[in-house]
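What follows is a set of notes on a single structure, which appears directly below.
The values are calculated or read from the model by the stated rules, or taken from the named source; none is laboratory data. What you see is a predicted model, and the numbers here were worked out from it, not measured in a lab. Don't worry about glycine lacking a Cβ; one is built from the backbone with ideal geometry, like all the others, and counts go over all protein chains shown. Surface accessibility is based on the protein's heavy atoms, side chains included, excluding ligands, DNA and RNA. Shrake-Rupley method; radii C 1.70, N 1.55, O 1.52, S 1.80 Å.
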Amino acid sequence: MLNLAVDAAGTGVPTALALRSAGAPHPLLCALAAAVAWPAVRAARRRYAAGALGETRGGLPVLVDWLLLLGVLFVLRGLTGDGTAPSTALAGLVFAPPLTALCRRLTYHRLLAARREAHAVRRVLVVGEPGAVDHAVGHLAARTEHPYVVVGVVPVGGAKLECGAPVAARLAVPDPAGVRQDATAVLRAARDLRAEQVLVAPGPRLSAERLRRLSWGLHDAGLPVALLPGLVDVRARRLRLDDPAGLVLLHLAPPVRHGVQLRVKAALDRTGAAFGLVLLAPLLFALAALVKATSRGPAFHRQVRCGQHRTPFTMWKFRTMVVDAEARRAELEQDGANEHDGLMFKMRRDPRTTAVGRFLRRCSLDELPQLLNVVRGEMSLVGPRPPLPEEVDRYDEVALRRLVVKPGITGLWQVSGRSDLSWDETLALDLRYVDNWSLAGDLEVMSRTLRAVVDGRGAY
């Protein structure tokens, strides 16, 4: 209700004020039409549905809805013969997207906070092969942003499970003779655990026909069923369903590697970086002078990093360490000072960091010279962290996939914890970005970067 009220008020009130100040006829009636049309458009797009409200915070759906609103009001304007100037009406409607986007973001964070306390969740029962059950339960338990809490499992066969979830029942290995035998066992377990939904992980011992009969029994009893296809970190927009000859196919679209979107990204990267260099030129000169005046050595630190497809390039940063920092790293590594569990070297209180360098890192100002790398096409505004050549030499085939795209000044790693993340967490975030990249995703990361910089967690 709060989201609906904000949408209505955020459209109606500014529209009434804009029309009244312009002397337009019937300002209240037009404002009422706008206040009704905006929630109506969003309701038609199912933005207030229980399964959608608060689940995402991106602004692209809001923009799409707003464009639809403009179309609806344009049609109404033609039908009613309203003579209000389009610019005047637009001035009143322009507040709707930011207010709605802000409300969506607040709802999203409120929902996340509730789920951390095990509220606003669905109790689910996981059914399937033991290995698949362990895998699914482990992934669901590792994150709290989703609505599913596993209350029990029903594995096929007697194999031991590693996930630690309560085993509510077990299904026989051979296909049961009775049509409802599996469903009866699962329904009994769901009733005992008060499960609201069943997640099924199919496998060799849970064949298509057996799964079909199980779904019959569960659906007849009013219990929702969802399938776990075994895919990890694949966005839903890359999936498409098809059913040729009654056989359900799940089409997985390839990651975006070519085309208009990438050309737009490259253009936005270089344009935005060039604009940033011009706009921030006084700050860049001031910081360079501060670094130079407070410690011996150059203002900038140049370092060879690996870019897209392992292409080496010289990355620019403000110098945050003493001039012999690289020579002292080997000594620190021998003393076991590395606090990172992976291929990167990180220390919370690195003795090589200067006083000004700690400030620059805390505020992420040391990264600003990389705008030059973006202008030169060696980096992107958003992307994985650019690794050192010696780190890449130790990459396996999975980690090398990070280098399929250009490295970025910011990315999922920065807005999710930066140096506080383990190597496995960093790699998982980078691979999620590489496989699911989109322009809308880049815009979301950039909007979250400011908060991460202000927060400062993991910046050392």
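Compute the Cα gyration tensor for the chain, then decide on rounded, prolate or oblate, letting a ≥ b ≥ c be the square roots of its eigenvalues: rounded whenever a/c is under 1.5, prolate when a/b is larger than b/c in the other cases, and oblate in all that remain. Oblate. Straight-line cross-link reach from LYS265 at under 12 Å between alpha-carbon atoms covers these aspartates and glutamates, not counting any fewer than eight positions away in the same chain: ASP442. The Kirkwood radius of the range 108-156, taken over pairs of alpha-carbon atoms, gives through the Stokes-Einstein law at 37 °C and 0.692 mPa s a diffusion coefficient of 290 µm² s⁻¹.
Of the peptides 226-239, 145-158, 438-451, 373-386, the ranking by mean beta-carbon count within 10 Å, highest at the top, reads 373-386, 145-158, 438-451, 226-239. Think of it as helices only: each DSSP H run of n ≥ 4 in the chain is worth -39500 (n - 2.57), and spread over all residues that comes to -15500 deg cm²/dmol at 222 nm.
Which percent, nearest 5, of DSSP beta bridges in the chain are antiparallel? Counting DSSP beta bridges with both partners in the chain, the antiparallel share is about 40 percent.
Need the full-extension length gain, ASP242 to PHE285, defined as separation in residues times 0.36 nm minus the C-alpha distance. One decimal, nm. Kindly include the intermediate steps, with their values, before the conclusion.
Details: separation 43, 0.36 × 43 = 15.48 nm, distance 5.77 nm.
Stretched out fully, the ASP242 to PHE285 stretch lengthens by 9.7 nm.
Listed by chain and number, the aspartates and glutamates placed with their C-alpha closer than 15 angstrom to that of LYS317 are GLU326, ASP366, GLU367, GLU378; residues fewer than eight positions away on the same chain are left out. What share of Cα pairs, in percent, lie more than 16 angstrom apart in the range 167-241? Result: 52 percent of Cα pairs exceed 16 Å. Residues in the chain average 53 Å² of solvent-accessible surface per residue, probe 1.4 Å, ligands and nucleic acids excluded.
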